[in-house]
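S.K.: Provided herewith is a single structure, encoded as structure tokens, for subsequent inquiry.
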Amino acid sequence: MPNLPIIEPFRIKSVEPIRMTTREERADLLTAASNNLFFLKSADVIIDLLTDSGTGAMSSEQWAAVMRGDESYAGSPSFGRFEAAVQEIFGFQEVIPTHQGRAAEHILFGVFGGSPHVIPNNSHFDTTRANAEQSGAIALDHPCKESEDTCSAYPFKGNMDLKALAATLEANKGNVPLVMVTITNNAGGGQPVSLENMRGIRELCDKHEIPFFIDACRFAENAWFIKQREHGQSERPIRAIVRDMFDLADGCTMSAKKDAIANIGGFLACRDKELADEFRRRLVVTEGFPTYGGLAGRDLEAVAQGLNEVVEEDYLNYRAASIRYVVEALHERGIPVLRPAGGHAIFLDAGRFLDHLPWQQYPGHALALEIYLEGGIRACEIGTVMLGGKDALTGEETPAHHELVRLAIPRRTYTQSHMDYVIEIVDAVYKRRASIAGVTIETSPPVLRHFGATFSRSGVGVTA
Ligand SMILES: *Cc1c(COP(=O)(O)O)cnc(C)c1O
């Protein structure tokens, strides 16, 4: 076989124009946005890689399903189709729709959270952590040791550290209400979790008689990695692997904005009817009646159809190939990028990319700004601006573990040539990296500062 280029396994029937901007315009736009990419208007972005959440392109079948949406308050057939899709793919009989993933988490921790509970996860996603902590519980992350090395080729860097989990369960007997695992591990770079690791978690949960829930946002991408990398899985259908993963669990939370390729939606699902009824009692107060949750009938339809499309192997092969293509091309050019490629994003190691900038000058944020300036691509800093802490004694700022820039790839939205453009723009920034200045925070809100802070570039850190 010749080495064929990646082709998108779809044709495009509806297009959305992209407005091209010049570098001069972008320099002015950055100034007007106080050097915070969250303040840009999306119309001023050429390729928007801020997130893969809710930004995917729906298929013609999803749009057709939208038109079939039945907006009855109770007993809508759209709920029937949604419920059936979740039951069939995940194997959970109790299905509770929510408006997005965090609403499902809020209900889950309303039941399982609270002080003095401790909730272990491979890595909590930020909304999961926020919901657990808001309930009064302590959220603990137990990522596997292999995840610390950003360049090692370990196949399942999303795994949970089972020894650490066992120790937490022993040390907090009676206070761990459930164990969660996030697939793929978003906070850990979109890296997968193996079936073997999930079996290990199940065993520990059985030993301590506590439920096991999966944060299922990227379940299909995780199943694809299992098929490629785990012993004995390569010939099995994705749907069978998905069922194996969820057969190990008692329930899950899901954001349909990820692997349901919908623009909004989520759900909570489980096996236990009594637990589900408790979830539903909470659902009616904050989300809505149990047959629509926080969604319109048309959204339920789009999610049901999307769940059936996301497990198609042609789609998953293309998605993984497209992300791997960018990662390998950048790596070949000597650009520091997290490897192996994860399932939904490309992560640049900004600490090494801009190794002349100390963390106090926020290399990740500086790099994200330069990538926008160079080519109108919007990425997201995942470094000290977003995740930095404070020293408990001195109150001084402390750095994040890594200074990363995430290029999240929306599903089915951009083409191979868009990815080629991304490679060239990042390379152009890399070639002039030595002259890139650092960043100073001018104003900062007390929480979630990356969303609202303002920044300046002048003077500080200019090295060439
Ligand atoms: C996006 C996400 C969530 C939260 O889902 P929303 O739909 O954004 O509320 C939870 N966990 C993970 C791993 C996610 O990626």
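S.K.: Within the range 369-401, take every residue that is polar (S, T, N, Q) and modelled with pLDDT of 90 or more and give me the one that is nearest to the chain's Cα centre (by Cα).
M.R.: Only one residue tops the list, namely THR384.
S.K.: Which of the residues spanning the range 179-195 are closer than 13 Å to PHE246 by Cα and out of contact with any Gly (no Cβ under 8 Å at 6 or more places or on another chain)?
M.R.: Kept after step one, since they are closer than 13 Å to PHE246 by Cα, are these residues of the range 179-195: 180-183, 193-195.
MET180, VAL181, SER194, LEU195 - these are the residues of the range 179-195 that are closer than 13 Å to PHE246 by Cα and out of contact with any Gly (no Cβ under 8 Å at 6 or more places or on another chain).
S.K.: Follow-up. Which condition from (1) in a loop (DSSP other than H, G, I, E, B); (2) in contact with a Gly (Cβ under 8 Å, 6 or more places away or on another chain); (3) surrounded by fewer than 16 Cβ atoms within 10 Å (Cβ to Cβ) is the one that GLU424 breaks?
M.R.: (1)
S.K.: Search the range 1-21 for residues being among the β-branched types (Val, Ile, Thr) and out of contact with any strand residue (DSSP E or B) (no Cβ under 8 Å at 6 or more places or on another chain), and hand back the single one that is surrounded by the fewest Cβ atoms within 10 Å (Cβ to Cβ).
M.R.: As a first pass, look at the range 1-21 and keep what is among the β-branched types (Val, Ile, Thr): 6-7, 12, 15, 18, 21.
Next cut, out of contact with any strand residue (DSSP E or B) (no Cβ under 8 Å at 6 or more places or on another chain) only: 6-7, 12, 15, 21.
Values: ILE6: 16, ILE7: 10, ILE12: 9, VAL15: 6, THR21: 17.
So the residue we want is VAL15.
S.K.: For the range 10-40, enumerate the residues that are more than 22 Å from ALA366 (Cβ to Cβ) and not hydrophobic (A, V, I, L, M, F, W, C).
M.R.: The answer is ARG11, LYS13, SER14, GLU16, PRO17, ARG19.
S.K.: Can you tell me which residue is nearest to ARG333 (Cα to Cα) among those in the range 402-414 that are at pLDDT 95 or above and assigned to a loop (DSSP other than H, G, I, E, B)?
M.R.: Of everything passing the filter in the range 402-414, ILE409 is nearest to ARG333 (Cα to Cα).
S.K.: Restricting to the range 381-401, what's the tally of residues that are under 18 Å from ARG352 (Cβ atoms) and part of a strand (DSSP E or B)?
M.R.: Residues flagged as under 18 Å from ARG352 (Cβ atoms) and part of a strand (DSSP E or B) within the range 381-401 amount to 2.
S.K.: Tell me which residues, restricted to the range 393-416, are in contact (Cβ under 8 Å) with a residue 40 or more places away in the chain and of a type in the set (S, T, N, Q).
M.R.: Within the range 393-416, THR413, THR415, GLN416 qualify.
S.K.: Continuing with this model, one more query. Return the residues of the range 108-123 that are crowded, with 22+ Cβ neighbours inside 10 Å and either assigned to a loop (DSSP other than H, G, I, E, B) or away from the ligand (no atom under 16 Å from the Cβ) (or both); say none if nothing qualifies. Walk me through it before giving the result.
M.R.: In the first step, residues of the range 108-123 are kept if they are crowded, with 22+ Cβ neighbours inside 10 Å; the result is 108-109, 113, 119-123.
Matches in the range 108-123: GLY113, ASN122, SER123.
S.K.: Quick one: is LYS390 closer than 21 Å to ILE335 by Cα, of a type outside the set (Asp, Glu) and free of Cβ contacts under 8 Å to residues at least 12 places away in the same chain? Walk me through it before giving the result.
M.R.: Numbers: closer than 21 Å to ILE335 by Cα: no; of a type outside the set (Asp, Glu): yes; free of Cβ contacts under 8 Å to residues at least 12 places away in the same chain: yes.
No, not satisfied.
S.K.: Which ones in the range 358-389 are within 19 Å of SER444 (Cβ to Cβ) and hydrophobic (A, V, I, L, M, F, W, C)? Even if it seems obvious, please write down each step before you answer.
M.R.: Applying the first criterion (within 19 Å of SER444 (Cβ to Cβ)) to the range 358-389 yields 358-366, 368-369, 380-389.
Result: TRP359, ALA366, ALA368, LEU369, CYS380, ILE382, VAL385, MET386, LEU387.
The values are calculated or read from the model by the stated rules, or taken from the named source; none is laboratory data. The shown structure was predicted, so the numbers you read here are calculated from the model rather than taken from an experiment. With ideal geometry, Cβ positions are generated from the backbone for all residues, glycine too; neighbour counts draw on all protein chains shown.
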